[in-house]
Amino acid sequence: MNPDDPAAVDILRRAMVARIATISRTGRPHVNPLYFVYGDGKIYLGTSDRTLAALNVKANPRVAILFNVEREPSDRRVMRIRGRATVRTDSGLRRWYVRRDASKYFMSWRGLGNALVHARLLSVVRRYLSSGTKGKRCVLEVLPDEAELLTTPKPFSDREVS
């Protein structure tokens, strides 16, 4: 599947969290949930240059990202995108990302709903963002190579028992 396929774009438009898998310099895998935006055929994830996600991307740019539509449990599609990531710290891209991020996560009905559902985490996010020990803010820019549409199994309670 092409990352620009209508089904892929639909999931990218409706998903709220990306789960990015990276590999460390020593070969250890790491998965991290991050907010993301999609634009110009690329996926952009906000983080700090001292997080494991950014450090691992610097060591090995190959990544895999999982997306699903969290607010619709009946939608069992999961999209996996594989690609190459770059850690970007240039201020122009960071400003672009922050505007798109704010528009998606705080200035839309879906974003407001997501913020209300996760309101208990706002103090943690605020502390993280105000902490100077977390490194310089950056954006992970991912150029997708391939996309794959998967389906999660039905929950056990929905399966027929014989």
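Structure data summary
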read-out	value
Meets criteria (polar (S, T, N, Q), more than 23 Å from residue 137 (Cβ to Cβ) and either buried (at least 17 other Cβ atoms within 10 Å of the Cβ) or out of contact with any Pro (no Cβ under 6 Å at 6 or more places or on another chain) (or both)) for residue 22	no
Number of positions in the stretch 57-112 that are exposed (fewer than 14 other Cβ atoms within 10 Å of the Cβ), acidic (Asp, Glu) and either within 18 Å of residue 47 (Cα to Cα) or in contact with a Ser or Thr (Cβ under 7 Å, 6 or more places away or on another chain) (or both)	1
Flag if residue 119 is touching a helix residue (DSSP H, G or I) at 6+ places or on another chain (Cβ under 6 Å) and either within 13 Å of residue 141 (Cβ to Cβ) or exposed (fewer than 12 other Cβ atoms within 10 Å of the Cβ) (or both)	no
Residue within the stretch 142-157 that is of a type in the set (D, E, K, R), surrounded by fewer than 10 Cβ atoms within 10 Å (Cβ to Cβ), modelled with pLDDT under 75 and farther than 21 Å from residue 37 by Cβ present	no
Top-ranked residue of the stretch 1-53 - restricted to ones that are within 13 Å of the chain's Cα centre (by Cα) and charged (D, E, K, R), ranked as nearest to residue 96 (Cα to Cα)	42
Unique residue being at pLDDT 95 or above, farther than 13 Å from residue 11 by Cα and under 16 Å from the mean Cα position of the chain (by Cα) when the list is 60, 56	56
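The values are calculated or read from the model by the stated rules, or taken from the named source; none is laboratory data. Model, not experiment: these values are computed from the prediction. Glycine also receives a Cβ, built like all others from the backbone with ideal geometry; neighbour counts cover every protein chain displayed.
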